[in-house]
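Here is the structure we will look at, set down as structure tokens.
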Amino acid sequence: MIELLSPAGDMEKLEFACLYGADAIYIGGRDYSLRANAKNFSNEEIKIAVEYVHNLGKKLYVTVNIVLHNQELDGLKEYLLYLDSIDVDGIIVSDYTIMNLHKELNLKLELHISTQASITNYETALFYKDLGAKRVVLARECSREDIKKIKEITNLDLECFIHGAMCTSISGRCVLSNYCTNRDSNRGGCAQICRWEFERIDKDGNKTTEIPFSMTPKDLNMVSNIEDMINIGVNSFKIEGRMRSIYYIATVILTYRRIIDKIVNNSLTDAYTNYCLNILNRCANRESTPQFYNKLPGKDEQYFLGRQEVSNQDFLGLVLDYKDGVATIEQRNYFKVGDIVQFFGPDTETFNYKIEEIIDENNESIDVARHPRMIVKIKINNKLNKYDMMRIKVFDF
Amino acid sequence: MKKEKILINIEKLFDIEEYKKIGINNFLFAVDYFSIGYNSFKLDELKDLDCKKYLLINRIFNNDDVEKFKNIKEELKSFDGIIFEDIAVYNILKNSSINLIWNQTHFATNYSSINYWLNNLYSVVLSNEITKEEVSDILERVNKPVIVNVFGKNIVMYSRRKLLTNFNEHFKIENVNSVLLNESITNNKFDTFESEFGTLLFSDYFNIINYLKYFNNDNILYYLIYPKGLSIDVINNVINGDNVNKYNDGFMNKKTIYKLGEK
């Protein structure tokens, strides 16, 4: 089984993840889920989400991965029974109470152990297998050899992160956020303190250097290793980012969908891989590397001074309709006549296009689409599909 | 606080006799290769010591570490217990006679999960990031005595990366394996240590000894102390209730939130 697993912070993102090629989606409920400040799904929305993905032949997993305090024990059993009753395919957990309840309540949904459990060796994985786990999400600190041996010895389903932000810490082993902001990192409140700057001081509190200390990791990117990961037995290829935009989800999922399909069809080329790397790095607006897969990350896998994360303006428009050579587009960022843009979509081969004319809702020709979410029409000979996307053309394919 | 229930981390072997003089007889030792963040010892150095001896095995293992740990399995039998972080330690030793103590940092935060472990092993070390009400509730509901950190420095972050080396290499400055970091917005200071196994950040010293009177002490197996560089005189003063206001009280009165807007 090869599964491309996408995050979704709300129903719209879930729909885009499905459309752009995910085989399975993971979401969080309003309680018990890390990323507590994402929009997340109500119980009723989870039910709708299950029906939606099952109708497409895909799977839905729900993160129930906070580390519980006493107060969260109330209502937990009822929540798990509810998720089971609406046919959620699996829950992703890190707390032993939930693992125990999975067995005690005889739940039919699969038990997946979260990356928060820091699984980096086969004995730990075997422990969770004995507890009833069908799948383990390995720590991002696992090397290729770690993953291979864990698979060989445990034969568990293995889920590995392949793309997105990294924790500086081993996931689950950090409470910097608790200390600095009183927000509980293991209950979804992480304030990402590891992306802040620190002073180096002596015991009297004096700065020992003017250079701020930072420990921010670059993102994870496994584009070049997907084929190898398939060969060593990884089953589920997981994208990080339940709080990311539809553009990010669509771009990343489609990129990995095409890579996996090309690997299966034996048609992946180095040139295509390089194109994908460029697209992904641009999309996240951060550099990315394979991190721990082949070596211990060093200075080149981190950021140091003065990094500003400006928001990405690449997403220009969402195709709402295409009829008789005219695309109806919802504007997402400024574009104008003469711009060279790129269209992409799940069933649309990526192509470049120079904008010749923009027609507004009053059927008047305009030079610039400057208003957020304004609806415009553009004449395009290439056929487009609903929910294809238009972005700035930066890289040729 | 009964001194016979104190379990203290040893940084230098010659401290043991001095601690014995003030009534402390239970000692916790970090072990070469299998521990991180504390001064560690070879098992051979420890096996003949005349005292209660617990081992701190707090590294996250990879597969090679698992094999190496299996190789020392027999030598572990002469110790009174093992406080472990990686669940592999439990899985390897669960059928042995060794007293195992679950110390998955930051995870022992509710009585239900703690009781799960207490049903399967000797004891549990409570997490530090819980309030006095939560500690009290847990101590009322546990089915066996547990261990409470009462004084020292908490592990705040455990990274597999060599964060100090990476920084020093990037800026081409002299490498050191220990620095004090200050987060200037919140004024939190973190002692930071790096070894070949990764980097640990520690909190400032905390002291919750004054809160023990609110707890069911019958369900406390040990009061755990990590001196982290403090002298025996200072430790003794703390144990005797002096300098209470010199140290922070951790999360005793600080309920953490996780949804913005929550009070």
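Somewhere in the range A:260-276, is a residue of a type in the set (Lys, Arg) and within 16 Å of the chain's Cα centre (by Cα)?
Step one: filter the range A:260-276 for residues of a type in the set (Lys, Arg), giving A:262.
Filter once more, keeping what is within 16 Å of the chain's Cα centre (by Cα): none.
No, that holds for no residue.
In the range B:229-250, how many residues are in a loop (DSSP other than H, G, I, E, B) and either modelled with pLDDT of 95 or more or more than 18 Å from B:Ser127 (Cβ to Cβ) (or both)?
Result for the range B:229-250: 8.
A:Thr251 - would you say it is modelled with pLDDT under 95 and among the β-branched types (Val, Ile, Thr)?
On the way: modelled with pLDDT under 95: no; among the β-branched types (Val, Ile, Thr): yes.
Judged against the criteria, A:Thr251 is not a match.
Of the residues that make up the range B:151-166, is at least one closer than 16 Å to B:Asn217 by Cβ, in a helix (DSSP H, G or I) and either of a type outside the set (S, T, N, Q) or in contact with a Lys or Arg (Cβ under 9 Å, 6 or more places away or on another chain) (or both)?
Within the range B:151-166, none of the residues are closer than 16 Å to B:Asn217 by Cβ, in a helix (DSSP H, G or I) and either of a type outside the set (S, T, N, Q) or in contact with a Lys or Arg (Cβ under 9 Å, 6 or more places away or on another chain) (or both).
Quick one: would you say A:Lys238 is among the charged types (D, E, K, R) and over 27 Å from A:Val319 (Cβ atoms)? Show your work before the answer.
Working: among the charged types (D, E, K, R): yes; over 27 Å from A:Val319 (Cβ atoms): yes.
Against the criterion (among the charged types (D, E, K, R) and over 27 Å from A:Val319 (Cβ atoms)), A:Lys238 qualifies.
State the number of residues belonging to the range A:182-199 that are farther than 18 Å from A:Ile66 by Cα and surrounded by fewer than 20 Cβ atoms within 10 Å (Cβ to Cβ). Break it down into steps so the answer makes sense when it comes.
Going residue by residue through the range A:182-199, those that are farther than 18 Å from A:Ile66 by Cα are A:193-199.
Imposing the further condition that a residue be surrounded by fewer than 20 Cβ atoms within 10 Å (Cβ to Cβ) reduces the set to A:195-197, A:199.
Summing the residues that are farther than 18 Å from A:Ile66 by Cα and surrounded by fewer than 20 Cβ atoms within 10 Å (Cβ to Cβ) in the range A:182-199 gives 4.
Only one of B:Phe202, B:Phe251, B:Phe197 is of a type in the set (A, V, I, L, M, F, W, C), within 29 Å of B:Glu18 (Cβ to Cβ) and either more than 15 Å from the chain's Cα centre (by Cα) or within 14 Å of another protein chain (Cβ to nearest Cβ) (or both). Can you tell me which? So that I can check it myself, show each step before the final result.
On the way: B:Phe251 fails: within 29 Å of B:Glu18 (Cβ to Cβ); B:Phe197 fails: within 29 Å of B:Glu18 (Cβ to Cβ).
Just a single option satisfies the conditions, and that option is B:Phe202.
So, A:Val341, is that one under 24 Å from A:Val376 (Cβ atoms), buried (at least 18 other Cβ atoms within 10 Å of the Cβ) and in contact with a Phe, Trp or Tyr (Cβ under 6 Å, 6 or more places away or on another chain) or not? Give the derivation first.
Values: under 24 Å from A:Val376 (Cβ atoms): yes; buried (at least 18 other Cβ atoms within 10 Å of the Cβ): yes; in contact with a Phe, Trp or Tyr (Cβ under 6 Å, 6 or more places away or on another chain): yes.
Criteria met by A:Val341.
Here is a yes/no grid of residues against (1) closer than 24 Å to A:Thr168 by Cα; (2) touching a Cys at 6+ places or on another chain (Cβ under 9 Å); (3) at pLDDT 95 or above:
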residue: A:Asn294; (1), (2), (3): yes, no, yes
residue: A:Gly298; (1), (2), (3): yes, no, yes
residue: A:Glu309; (1), (2), (3): yes, no, no
residue: A:Lys383; (1), (2), (3): no, no, yes
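All but one of (1) in contact (Cβ under 8 Å) with a residue 40 or more places away in the chain; (2) more than 18 Å from the chain's Cα centre (by Cα) hold for B:Ile239; which doesn't?
(2)
With a cut-off of at least 1 residues that are over 30 Å from A:Asp228 (Cβ atoms), more than 9 Å from chain B (Cβ to nearest Cβ) and out of contact with any strand residue (DSSP E or B) (no Cβ under 7 Å at 6 or more places or on another chain), name the helices (runs of 4 or more DSSP H) lying wholly within the range A:95-160. So that I can check it myself, show each step before the final result.
Details: elements: A:96-104, A:122-130, A:144-154.
Per the criteria, A:96-104.
Consider A:Gln71 carefully, then state whether it is in a helix (DSSP H, G or I), within 13 Å of chain B (Cβ to nearest Cβ) and buried (at least 22 other Cβ atoms within 10 Å of the Cβ).
Details: in a helix (DSSP H, G or I): yes; within 13 Å of chain B (Cβ to nearest Cβ): yes; buried (at least 22 other Cβ atoms within 10 Å of the Cβ): no.
Spelling it out, it is not the case that A:Gln71 is in a helix (DSSP H, G or I), within 13 Å of chain B (Cβ to nearest Cβ) and buried (at least 22 other Cβ atoms within 10 Å of the Cβ).
If you scan the range A:182-206, which residues turn out to be within 14 Å of A:Ser171 (Cβ to Cβ), facing another protein chain (nearest Cβ under 7 Å) and small (Gly, Ala, Ser)?
A:Gly188
B:Ile147 fails exactly one of the following numbered conditions: (1) surrounded by 18 or more Cβ atoms within 10 Å (Cβ to Cβ); (2) closer than 30 Å to A:Leu73 by Cβ; (3) touching a helix residue (DSSP H, G or I) at 6+ places or on another chain (Cβ under 8 Å). What is the number of that condition?
B:Ile147 satisfies every listed condition except (3).
Which residue pairs have Cβ atoms closer than 7 Å, lie 6 or more positions apart in sequence or on different chains, and pair a first residue in the range B:89-111 that is within 20 Å of B:Tyr33 (Cβ to Cβ) with a second residue that is charged (D, E, K, R) and not in a loop (DSSP other than H, G, I, E, B)?
B:Asn91/A:Glu123; B:Ile92/A:Glu123; B:Ile92/B:Lys70; B:Ile98/B:Lys77
Inside the range A:167-180, can you point out the residues that are in a helix (DSSP H, G or I) and at the interface with chain B (Cβ under 7 Å from one of its Cβ atoms)?
Of the residues in the range A:167-180, the ones in a helix (DSSP H, G or I) are A:176-180.
If the condition is that a residue be in a helix (DSSP H, G or I) and at the interface with chain B (Cβ under 7 Å from one of its Cβ atoms), then A:Leu176, A:Asn178, A:Tyr179, A:Cys180 are the ones that fit.
Got a sec? Which helices (runs of 4 or more DSSP H) wholly within the range B:24-133 have at least 2 residues that are surrounded by 19 or more Cβ atoms within 10 Å (Cβ to Cβ)? Talk me through it step by step, then tell me what you get.
Numbers: elements: B:43-46, B:63-71, B:87-93, B:111-118.
It comes to B:63-71, B:87-93, B:111-118.
Does the range A:52-64 contain any residue that is among the small types (Gly, Ala, Ser) and closer than 28 Å to B:Arg141 by Cβ? I'd like the intermediate steps shown before the answer.
Restricting attention to the range A:52-64, the residues satisfying the condition of being among the small types (Gly, Ala, Ser) are A:57.
After this cut, where a residue has to be closer than 28 Å to B:Arg141 by Cβ as well, the list is none.
For the range A:52-64, residues among the small types (Gly, Ala, Ser) and closer than 28 Å to B:Arg141 by Cβ: absent.
Residues that are under 30 Å from B:Val176 (Cα atoms), at least 3 per element: which strands (runs of 3 or more DSSP E) completely within the range A:186-285 meet that? Give the steps one after another, and end with the answer.
Values: elements: A:199-201, A:219-221, A:236-239.
Per the criteria, A:199-201.
Read through the list (1) within 21 Å of A:His102 (Cα to Cα); (2) within 12 Å of chain B (Cβ to nearest Cβ), then give the number of the only condition that A:Tyr61 fails.
(2)
The rows are residues; the columns are (1) aliphatic (A, V, I, L, M); (2) within 21 Å of A:Leu158 (Cβ to Cβ).
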| position | (1), (2) |
| --- | --- |
| A:Tyr26 | no, yes |
| A:Arg30 | no, no |
| A:Phe41 | no, no |
| A:Ile48 | yes, no |
| A:Glu51 | no, no |
| A:Asn55 | no, no |
| A:Lys58 | no, yes |
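For the range A:200-218, name all the residues that are buried (at least 18 other Cβ atoms within 10 Å of the Cβ) and either of a type in the set (Gly, Ala, Ser) or not assigned by TED's automatic domain parsing to the domain that holds A:Met166 (or both).
A:Ser214
The values are calculated or read from the model by the stated rules, or taken from the named source; none is laboratory data. Being a predicted model, the structure only gives us computed values, none of them experimental. Cβ sites come from the backbone with ideal geometry, for glycine too, and all protein chains shown count toward neighbours.
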